[in-house]
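The values are calculated or read from the model by the stated rules, or taken from the named source; none is laboratory data. Quick caveat: nothing in here was measured; it's all calculated off a predicted structure. Cβ sites come from the backbone with ideal geometry, for glycine too, and all protein chains shown count toward neighbours.
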Amino acid sequence: MVLCDANVITNTCKFLNLNAPGDIAFLPSGEVILKTKSKEVKGFASVLESIIISQGNASHLVPSNPEELAQLRQWLEICITTVNFADSQSTAIKELNERLAKVNFLVGNRISVADAVLYYTIYPVLARATMHEKEQFCHLSRWFSTVQHLPKLKAGHETIAFSRNPLYSN
Amino acid sequence: MASGTLYTYPDNFRAQKVLIAAQYSGANVKVDPAFVFGETNKKEDFLKKFPLGKVPAFETSDGKFLSESNAIAFYVSNKQLRGSSDLEQAQVQQWLSFADSEILPASCTWVYPAISIMQFNKQSTDRAKEDVKRLLQALNSHLLTRTYLVGERITLADIAVSTSLLNLYQYVLDANFRKPYQNVNRWFTTLVNQPQFKAVVKDFKLCDTAAEFDAKKFAEFQGKSGGAEPKKEGGKKQKKSESEKEPKKQEPKKKQEKEKEPETEPDAADEALALEPKQKDPFADVPAGTFNLDEFKRCYSNEDESVSIPFFWEKLDKENWSIWIGEYKYNDELEKVFMSCNLITGMFQRIEKLKKNAFASVCLFGTDGDSSISGIWVFRGQKLAFELSPDWQTDYESYKWTKLDANSPDTKKLVNEYFSWSGADSKGRKFNQGKIFK
Ligand SMILES: N[C@@H](CCC(=O)N[C@@H](CS)C(=O)NCC(=O)O)C(=O)O
């Protein structure tokens, strides 16, 4: 199953309170494409990036300095390359869990649109995961249980439960 | 919403707890600028309001009085900080007590001797270190599955526990010591980087090398705080200070006593710390911007200029950093090249502390008897940095300073020449030698 789909893109637009700056379509190959008056952008990460950048500095949810923008791009790449085909037992999830061991949020030290994108992308996996599985990737679970609390992310998504008493903590 | 005046000495971590809470809630808390520790809080009118004479102390706008930092912090907090259910509120209280009765005693017993404001006793320090390990371990387990201590948002619990750890993280928890406590480190780093924390604690740096007791510094410190003593009034206080000084005279005997009751010591040192105004960072009020000076210096040292100069232009945050040219005024007096070089390195030594916020390439052009000195300087802030501290003003008046327009092509050319040690001065004298201030 592919996780990086149109839902993630439309939800991210909603999260930023903006309309997509053009038409979004899917090629037969499954690749997403954004057509605006002036250009065509292809691919999940690039499409999201141009949507987010079109927002400019108007939102505090969009990173503004070059370093943070680079981190944002990196996370969009990780979503499409690593997370896209993940299920609760794949190594992709382990990798993601490791990445979250030392940070609370993906970019900088606060919630940003990067967290929203990963939240929408990974939601189906965590919604199906067993409690036992969620305890095994405790960093991912910790991150998720905090960001799902943001009212904007909560809307339209059932809150996922996480146990507070890890059985396994390697 | 709460509003009023806070009495405290600068950089008091108990007051910082209150001020950070106020940053979150928007409470209007003013620090009394006229407060002098050891004077103001010993005066009769202060003691009428706050009988113990301790700080922080808070006077509300409508004339009510509060002491005890936790009570004050609670008062200026909002709902989110206090906890959103009965259980959460109780959990917040739990962590406030944890900070006060578990972390602080261990922290003070370790840190105060380490920064030489309290007599060192190996046994006490060793025991305090073990206590700190045990407490960090407990916190670490708690934070494995949590972003914040209570609930899913920042509460007073996070503010109180993190401010009680500030001294530890600043002075003694070096990278090696803190390594096993990754979850605590993650949590602490997130907190100190929140704008509401930064507004109060400024740019917090984690400890590089753990501070250790220095007998000479301690003796100096005792001398100083002893000198401040006559200012104090009141019989009880006087006596307490007298006994604080004792260890100097009767070291061996006192030492044994100390081992029996180290817990009473930190309080005294607490006050001593308060008497010693921490030196203010001259750049405290100058925004840091996005330009990472150390990163650039590393790049400049390790890479060819064909890499480091473009790197400089790419990263430079022109809003918060400025570029200057400094030209030596007395070029006619320059004789031997080696003497001129000493002039430059001497200046660099005298402004050593400015390194954290400045970079420069200063060049000597020409040859013996016909030469000139000038340099390109990059400073944090738009002002000439030497003016921020009297310690940095020995040499700078011998130079003519001109601020350069960071966007102009001429500046680009100049910077490139100075950074790559090429080109000539305005009179056509060729580059001879260069020195880098980094
Ligand atoms: N438990 C109090 C402690 C306050 C305290 O000990 N303050 C010290 C300075 S850090 C003080 O004002 N001492 C003055 C004195 O005892 O005369 C709080 O948290 O506010």
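Brief remarks follow.
- Qualifying positions in segment A:52-109 - within 14 Å of another protein chain (Cβ to nearest Cβ), assigned to a helix (DSSP H, G or I) and within 27 Å of residue B:143 (Cβ to Cβ): A:67, A:68, A:71, A:97, A:98, A:99
- Segment A:146-170, residues that are modelled with pLDDT under 95, assigned to a helix (DSSP H, G or I) and not charged (D, E, K, R): A:151, A:153
- Scope segment A:110-131; condition part of a helix (DSSP H, G or I) and either in contact with a Gly (Cβ under 8 Å, 6 or more places away or on another chain) or within 14 Å of chain B (Cβ to nearest Cβ) (or both); matching residues: A:115, A:119, A:131
- Whether a residue is over 18 Å from residue B:139 (Cβ atoms), away from chain A (no Cβ under 14 Å) and more than 19 Å from the chain's Cα centre (by Cα) was assessed, and residue B:208 does not pass this test.
- If the condition is being of a type in the set (Ser, Thr, Tyr) and assigned to a helix (DSSP H, G or I), then segment B:83-104 contributes B:97, B:101.
- On inspection, residue B:339 passes the criterion of being farther than 25 Å from residue B:289 by Cα and surrounded by fewer than 17 Cβ atoms within 10 Å (Cβ to Cβ).
- Answer from B:413, B:403 - the residue that is more than 23 Å from residue B:282 (Cα to Cα) and out of contact with any Cys (no Cβ under 8 Å at 6 or more places or on another chain): B:413
- Residue match in segment B:106-127 (condition: within 14 Å of chain A (Cβ to nearest Cβ) and free of Cβ contacts under 8 Å to residues at least 60 places away in the same chain): no
- The residue pairs whose first member lies in segment B:63-76 and is within 16 Å of residue B:45 (Cβ to Cβ) and more than 9 Å from the ligand (Cβ to nearest atom), whose second member is of a type in the set (Asp, Glu) and modelled with pLDDT of 95 or more, and whose beta carbons are closer than 8 Å, counting only pairs six or more residues apart or on different chains, are B:65/B:59.
- Residue B:49, sole failed condition from (1) within 16 Å of the ligand (Cβ to nearest atom); (2) at pLDDT 95 or above; (3) at positive phi: (3)
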